[in-house]
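Enquirer: Here it is: the structure, laid out below.
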Amino acid sequence: MTKNDLDNLEYAGRIKTQTFKQFQLERLIKDGTVIPASKLKEVQEQELQRIRDFEEASIDDERHRRTAIVAPKDKLNNLPLTRERFEK
């Protein structure tokens, strides 16, 4: 992916998905297993934290796209010199 590929992306808002309880219920039915309530609470907290982190990252990314300064074209065309490996 290049920066040009990402230029036309737009933030679309929250992704609507099933609730945590619906997901866990489907998982229990599919696997046929039982999860202790304490473990279920831990998993729920991790999932909520993951959702919060994703939303914060998407907002930060959107803010960065609005405020980022594009490098001047002459700087992009004149990249720094690189050293070549010394051969004996």
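The values are calculated or read from the model by the stated rules, or taken from the named source; none is laboratory data. Please read these numbers as outputs of a predicted model, since none were measured by experiment. Ideal geometry is used to build each Cβ from the backbone, glycine not excepted, and the neighbour counts take in all protein chains shown. Please note that ligands, DNA and RNA were not included when accessible areas were found on the heavy atoms of the full protein model with its side chains. Shrake-Rupley method; radii C 1.70, N 1.55, O 1.52, S 1.80 Å.
Enquirer: Just to be sure, is ASP61 of a type in the set (Asp, Glu), over 30 Å from GLN18 (Cβ atoms), outside any loop (DSSP other than H, G, I, E, B) and free of Cβ contacts under 8 Å to residues at least 60 places away in the same chain?
Expert: no
Enquirer: Could I ask something else about it? In segment 28-57, how many are in a helix (DSSP H, G or I) and at pLDDT below 80?
Expert: Final tally of qualifying residues: 7.
Enquirer: I need the full set of residues from segment 26-69 which are within 18 Å of the chain's Cα centre (by Cα), open to solvent by 100 Å² or more (accessible area, probe 1.4 Å) and not basic (Lys, Arg), in order please.
Expert: Within segment 26-69, GLN46, PHE54, GLU56, HIS64 qualify.
Enquirer: Next up: Looking only at segment 65-74, decide whether some residue is at pLDDT below 85, part of a helix (DSSP H, G or I) and of a type outside the set (Asp, Glu).
Expert: yes
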